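What follows is one structure encoded as structure tokens, with my remarks underneath.
The values are calculated or read from the model by the stated rules, or taken from the named source; none is laboratory data. The model shown is predicted, which means the values in this text are computed figures rather than measured ones. Glycine gets a Cβ as well: all are built from the backbone with ideal geometry, and neighbour counts include every protein chain shown. To get the accessible areas, we keep the full protein, side chains included, count just its heavy atoms, and leave off ligands, DNA and RNA. Shrake-Rupley method; radii C 1.70, N 1.55, O 1.52, S 1.80 Å.
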Amino acid sequence: MTITGKIDVKEQDILGALRKFFEDVLNLEDIKAILVPQHLPMKNMVMPTLVTDPNQLNGIDPLAPAFPMNAAKIVSRLTRKPMGAKIVAVLRPCEIRAFFELVKLKQARPDEVVLIGIDCLGTYQNKDYFRFVEKNENDSTVKFYQNVLSAKGAKIDDVDLSPACKACEYPVALNADILIGLYGITENDYLMVQSQTATGENFLAQINPPKIDEPASRQDAVAAVVEKRIAYRDDMFVKTHEATDNLEKMTAYLASCVNCYNCRVACPVCYCKECVFSTDVFNHDPSQYLKWASRKGIIKMPTDTVFYHITRLAHMSTACVGCGQCSNACPNDIPVMELFRTIAQRTQEAFDYEAGRSIEEDPPMSVFREEEFAEVVGIDK
Amino acid sequence: MDDFEPTIIAFVCNWCTYTAADLAGTSRLTYPKNVRLIRVMCTGMVDPQYVIKAFLEGADGVLVSGCHPGDCHYINGNFKARRRIKLLKEILPQFGFEPQRLRLTWVGASDGIQFAEIIRELVNQLKALGPSQAKLKMVI
């Protein structure tokens, strides 16, 4: 049975309320550590921290519009082998979805981690966040969540949400163990907390928050956010397709790619332990470049950029959760996320699959049925 | 465009389609010389990137051909290949590669005649379609 309760918020201090809740979680006997984003003491940057001491939660800041990395990669590191203890991970919905994909790819294990999903208010791109935090210093996160939750919107001065977040139709976690709700709660003296799995129910029962009913306005509030996001997303699909629908346009789209592969490194679901593009296969013989160049008289250097991106699309687009870290990581501001989400939408639809929707559904390329896709076989005359 | 001769890269499995191509040869069947066969042990090992590379290098068509369902030497490699072809047929047309340029067929070891027919038909279709965009542009 789902438990729905509340976390009291005193003097509109949402972060303080969350800190108290995380302390309660960390004080549970079964929980040895909590993975939670914190402001680092040495620099005004928010990064995931693994905390075992309840007194070390002062800097927690899961609501900051900072998204330096998709923490699914961290949870994968922490769970790839038995750890011998249970931990809690506080994640954004796209991080939970990426974690699910990694579990299915056998690169993470769900047994020893309890997932807490907080309603995601969105994030800024890295360089925008740095500007924002410099200007607003210690109040930056409070200003951000107050604006988003009061419908003033996420745009503050000239800084706005990243395109990935604007196009994200999952501001609310679907399959966390414990969900913390912010959207659609009209009174500002509490947050909603809800179990979404049996594990979550077990832990929430131990914390025993005061029970409430899910606020009536919540579903509408979430639906309104999602509707806006989907409109942005669909418009993005149309524009991106228009900008890449032949090879010449695609070459232009990726013209400033320098093969740094940052997008691959930042991608939470790019799963190969050794990427073929980093192997000797692509360490071409010097004379090979001359051969290529002399075939058409000119080649762009470095080579293999379009090849790299289309191959990556073939390899991981069915697992793409649209977190936008690829765009975040691009040194030359190529809209990578837009391209990958546009293609991923098609490939996931083709296999009736949605990345991160379920921890059980098999990844499309890992299974097959005897009777399927007859239309791709043969040469129709 | 009458003198356009398409280039087809064909990934053929060792056990069925390669044997069929061999049979076509030993039976002295003729088929167009536009096809370059690449023998692989199983169509299940054709990574999508091989197909992508072939197209970006200017292939006008790519054929992946293996054993009939149920006949795979490795039990189910051809079913895995079918999923990958389905995937590529979703991706490549987004970048302007006509879906007809990528084909998957099942050709058994004794189907020499059918293999020759498939190549003839494919060449005709690709001639009608014209050269691939990658042939003409600076891409790599």
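Structure summary
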item	result
For region A:324-350 and region A:167-212, distance of Cα centres in Å	30
Rough spin-label spacing in nm, given labels placed 7 Å along Cα→Cβ, for A:N136 and A:D380	5.4
Length gained when the stretch A:E11-A:K211 is fully extended (0.36 nm per residue, less Cα-Cα span)	69.9 nm
Average accessible surface area per residue within the protein assembly as shown, 1.4 Å rolling probe, Å²	45
Rounded accessible area of A:R346 (nearest 10 Å², 1.4 Å probe)	100
Long pairs among A:K10/A:K143; A:K43/A:K127; A:K73/A:K273; A:K143/A:K166; A:K81/B:K80; A:K73/A:K228, criterion Cα-Cα beyond 21 Å	A:K81/B:K80; A:K73/A:K228
Summed residue charge, Cβ within 12 Å of A:P48's Cβ, Lys/Arg positive, Asp/Glu negative	+1
Hits among aspartates and glutamates - C-alpha to C-alpha of A:K296 under 14 Å, sequence gap 8 or more where chains match	B:E57
Förster radius 60 Å - calculated FRET efficiency between A:N332 and A:M1 (Cβ-Cβ, nearest 0.05)	0.70
Normalised contact order of chain A, rounded percent, pairs of Cα under 8 Å and 6 or more residues apart	19
Under 19 Å from the Cα of A:K86 - aspartates and glutamates, other chains or at least 8 residues apart	A:E23, A:D24, A:E29, A:D30, A:D53, A:E95, A:D111, A:E112, A:D177, A:E201
Region B:8-136 - percent relative contact order, Cα under 8 Å, separation 6 or more	37
Rounded to the nearest 10 Å², the accessible area of A:D158 at probe 1.4 Å	100
Area of A:C326 that stays accessible when all protein chains are in place (1.4 Å probe, Å², to 10)	20
Which of A:V258, B:V40 is most accessible, then next, and so on - probe 1.4 Å	A:V258, B:V40
Neighbourhood net charge (10 Å Cβ-Cβ; Lys/Arg +1, Asp/Glu -1) for A:P163	+1
Heavy-atom accessible area ranking, 1.4 Å probe, most first, across A:Y261, A:Y124	A:Y261, A:Y124
Exposure rank, largest accessible area first [A:R131, B:R28, A:R218, A:R369; 1.4 Å]	B:R28, A:R369, A:R131, A:R218
Residue-by-residue Karplus 3J(HN,Hα) for region A:185-194, coefficients 6.51, -1.76, 1.60, Hz, glycine and proline x	9, 6, 6, 9, 10, 7, 10, 8, 10, 9
14 Å Cα-Cα reach of A:K152 towards aspartates and glutamates, excluding residues that sit fewer than 8 places from it in its own chain	A:D160
For region A:4-230: rounded, prolate or oblate by the Cα gyration tensor [a/c cutoff 1.5]	rounded
Rg over Rh, two decimals, region A:246-376 (C-alpha only, Kirkwood Rh)	1.01
Region A:5-62 and region A:269-304: distance between their alpha carbon centers, rounded to Å	46
Convex hull projection area averaged over all views, chain A, Cα basis, nm²	23.1
Between region B:63-83 and region A:222-237, the alpha-carbon center distance in angstrom	41
Three-way shape label, chain B, alpha-carbon gyration tensor, a/c 1.5	oblate
Near-label residues of region A:1-38 by backbone N, under 19 Å of a point 7 Å along Cα→Cβ of A:N55	A:19-28, A:32-34
Translational diffusion of region B:1-43, µm² s⁻¹ [Kirkwood Rh, Cα pairs; Stokes-Einstein; 10 °C; 1.306 mPa s]	139
Zone of A:D157's modelled label, taken as backbone nitrogen in region A:9-51 under 19 Å from a point 7 Å along Cα→Cβ	A:44-46
Pair A:V238, A:A255: separation of 7 Å Cα→Cβ label points (nm)	2.6
Selection of GluC sites (Glu not before Pro), region A:117-204, meeting DSSP coil and at most 12 other Cβ within 10 Å	A:E187
